[in-house]
Amino acid sequence: MNRFEDFTTRIVQQVGKKEGPISPVMVNSASFGYGDSETGEGIFEGSIKKPLYARVGNPTSAQLEQVLASMDGGIGAVSASTGMGAIAMATLSLLRAGDEIISIGGLFGGTYSYFSETLPRFGISTKFFDVDALIEVENAITSETKVIFLESVGNPNMRLPDIATIAQIANAHGVALIVDNTTTPMSVLPLLLGADIVVYSTTKIITGNASALGGAVVYRPIAEGEDKFKSERYRDIQPFIQKMGAMALIAVAKKRALRDFGMSANGFGSYLTMLGLETLPLRMDRIVTTIESVAGKLSEAGFVVNHPCLADHPHHERYKTQFANGCGTIFTIDLGSKEKAFEFLNRSKLITITANIGDSRTLGLHMASTIYRDFDDATKAFLGITPGLVRISIGLESAYAIIDDFISASKI
């Protein structure tokens, strides 16, 4: 049975309609007529739920948001133009100058640069920790700490966080936990593990065919009783909680980030993303099955493979228990040098050399010469970037074809 069987039924039923157009209706208008002034006033104050302006919402994107929120068990979601736009929305809507972020584990290069170079220009600092340095993480939390951030699977170091334990630490100290779940939609459900906010680059496996840039942020509801967001630490969002209640975090995102920074999704992109979503459970099931076969066979063939399905990986036991539905589409191969990595990639007949992941095709990229080329040696070492490291994103091809191609490409 497909390990994502429940999602297979639920998602296609939510995307499709029983009456009228079955395919999602694509709305590409930049603005919307209100009809009369009274309606316009109601839309702006929030008492009338109709489109205001495409920068803060689009009907096609709204349907996508409903499906994504349901998939993750959230109260709602806000779509964005890109995955980095989603991360910026999730963080900037909560942070101000003087605040701190704690980042745990491996990070995509763009996220690391955002935390280490961009946010400091606005007075927001980040402390970086290894995925298992939980004592140090807890000791690092201060009154200025507003966000703990992690990726569900370190990209590309392939280290797995103990999300539930980190959520316990975050909740004990009243700090928001944001999980980038880009590589593991449906495989991992961070909100059910105690996270507060989930971010996605929907460009990746959710869309699955390189047709649309996109991102999304999924939120849990604000609780009726005690809630960390009602504390003094998050005093800036108290007015939203008083007015919007359970939906406050969505209102904060739309008014503090989407409206003011404009990382808005477009209707056509959201439409394409929903088409990808319909087949996501089928693709995920095939890919996470294929990746275990490929990683195992390549390791047996002498490749230096990094994936937690392998018994020698430091998080193999965590993989078997907390990541029973797989950990996404990626693994890495260390070819030892840039020259050998280039030769391997150039000789492969299946790999598409690109910076994307989560496509229907198998993708590959030499990390040190591309995404991480401007990082210093210490940062590369922390993020697991070695001279010969190649990140692989497995696609829908036959596992046997991928294995044969990789072995052939490695024979110089």
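Here are some residues: Asp405, Asp359. Which one is closer than 22 Å to Arg283 by Cβ, buried (at least 19 other Cβ atoms within 10 Å of the Cβ) and not assigned by TED's automatic domain parsing to the domain that holds Gly154? Step through it out loud before you land on a result.
Details: Asp405 fails: buried (at least 19 other Cβ atoms within 10 Å of the Cβ).
Only one candidate passes the filter, namely Asp359.
Say whether the condition of being of a type outside the set (Ser, Thr, Tyr), in contact with a Phe, Trp or Tyr (Cβ under 9 Å, 6 or more places away or on another chain), surrounded by fewer than 24 Cβ atoms within 10 Å (Cβ to Cβ) and in contact (Cβ under 8 Å) with a residue 12 or more places away in the chain is met by at least one residue in region 192-211.
Checked region 192-211: no residue is of a type outside the set (Ser, Thr, Tyr), in contact with a Phe, Trp or Tyr (Cβ under 9 Å, 6 or more places away or on another chain), surrounded by fewer than 24 Cβ atoms within 10 Å (Cβ to Cβ) and in contact (Cβ under 8 Å) with a residue 12 or more places away in the chain.
For region 92-113, which residues satisfy the criterion of being closer than 23 Å to Leu383 by Cβ and either polar (S, T, N, Q) or without any contact (Cβ under 8 Å) to a residue 24 or more places away in the chain (or both)?
Ser103, Thr111, Ser113 - these are the residues of region 92-113 that are closer than 23 Å to Leu383 by Cβ and either polar (S, T, N, Q) or without any contact (Cβ under 8 Å) to a residue 24 or more places away in the chain (or both).
Given the conditions (1) crowded, with 22+ Cβ neighbours inside 10 Å; (2) touching a residue at least 40 places away in the same chain (Cβ under 8 Å); (3) not small (Gly, Ala, Ser), report the number of the one that Leu396 does not fulfil.
Unmet for Leu396, out of (1) crowded, with 22+ Cβ neighbours inside 10 Å; (2) touching a residue at least 40 places away in the same chain (Cβ under 8 Å); (3) not small (Gly, Ala, Ser): (1).
For region 253-309, give me the residue count where each residue is under 19 Å from Val188 (Cβ atoms) and part of a loop (DSSP other than H, G, I, E, B).
Qualifying residue count, region 253-309: 3.
Could you count how many residues in region 14-35 are out of contact with any helix residue (DSSP H, G or I) (no Cβ under 8 Å at 6 or more places or on another chain) and exposed (fewer than 12 other Cβ atoms within 10 Å of the Cβ)?
Selection size over region 14-35: 7.
Mind telling me which of the residues Ile385, Ile353 ends up being surrounded by 17 or more Cβ atoms within 10 Å (Cβ to Cβ) and either out of contact with any Asp or Glu (no Cβ under 8 Å at 6 or more places or on another chain) or not acidic (Asp, Glu) (or both)? Step through it out loud before you land on a result.
Working: Ile353 fails: surrounded by 17 or more Cβ atoms within 10 Å (Cβ to Cβ).
None of the others qualify; the one that does is Ile385.
Any idea which residue in region 353-393 is nearest to Thr279 (Cα to Cα), counting only those that are hydrophobic (A, V, I, L, M, F, W, C), without any contact (Cβ under 8 Å) to a residue 40 or more places away in the chain and part of a loop (DSSP other than H, G, I, E, B)? First the steps, then the outcome.
Residues of region 353-393 hydrophobic (A, V, I, L, M, F, W, C): 353, 355, 357, 363, 365, 367-368, 371, 375, 378, 381-383, 385, 389-390, 392.
Remaining after also requiring without any contact (Cβ under 8 Å) to a residue 40 or more places away in the chain: 353, 355, 363, 365, 368, 378, 381.
Going one step further and asking which of them are part of a loop (DSSP other than H, G, I, E, B), we end up with 355, 368.
Values: Ala355: 23, Ala368: 33 Å.
In this case the residue turns out to be Ala355.
Run Pro51 past the list (1) outside any helix (DSSP H, G or I); (2) over 22 Å from Thr273 (Cα atoms) and report the number of the one that doesn't hold.
For Pro51, the failing item is (2).
From the list Phe122, Phe108, which residue is buried (at least 19 other Cβ atoms within 10 Å of the Cβ) and aromatic (Phe, Trp, Tyr)? Before the answer, list the steps.
On the way: Phe122 fails: buried (at least 19 other Cβ atoms within 10 Å of the Cβ).
Testing whether each residue is buried (at least 19 other Cβ atoms within 10 Å of the Cβ) and aromatic (Phe, Trp, Tyr) leaves just Phe108.
Conditions (1) modelled with pLDDT under 95; (2) among the small types (Gly, Ala, Ser); (3) touching a Cys at 6+ places or on another chain (Cβ under 7 Å); (4) not in a helix (DSSP H, G or I), marked per residue:
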{"position": "Arg3", "(1), (2), (3), (4)": "yes, no, no, yes"}
{"position": "Thr9", "(1), (2), (3), (4)": "yes, no, no, no"}
{"position": "Val12", "(1), (2), (3), (4)": "yes, no, no, no"}
{"position": "Lys18", "(1), (2), (3), (4)": "yes, no, no, yes"}
{"position": "Val27", "(1), (2), (3), (4)": "yes, no, no, yes"}
{"position": "Ile43", "(1), (2), (3), (4)": "yes, no, no, no"}
{"position": "Gln66", "(1), (2), (3), (4)": "no, no, no, no"}
{"position": "Ala77", "(1), (2), (3), (4)": "no, yes, no, yes"}
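Could you check, for region 99-107, whether at least one of its residues is in a helix (DSSP H, G or I) and within 19 Å of the chain's Cα centre (by Cα)?
First, the residues of region 99-107 that are in a helix (DSSP H, G or I): none.
No, the conditions are met nowhere in region 99-107.
Quick one: which residue in Val131, Val147, Val153 is outside any helix (DSSP H, G or I), closer than 30 Å to Leu275 by Cα and at pLDDT 95 or above? First the steps, then the outcome.
Working: Val131 fails: closer than 30 Å to Leu275 by Cα; Val147 fails: closer than 30 Å to Leu275 by Cα.
Unique residue meeting the criteria: Val153.
The values are calculated or read from the model by the stated rules, or taken from the named source; none is laboratory data. The shown structure was predicted, so the numbers you read here are calculated from the model rather than taken from an experiment. In this analysis, Cβ positions are derived from the backbone assuming ideal geometry, glycine residues included, and neighbour counts consider all displayed protein chains.
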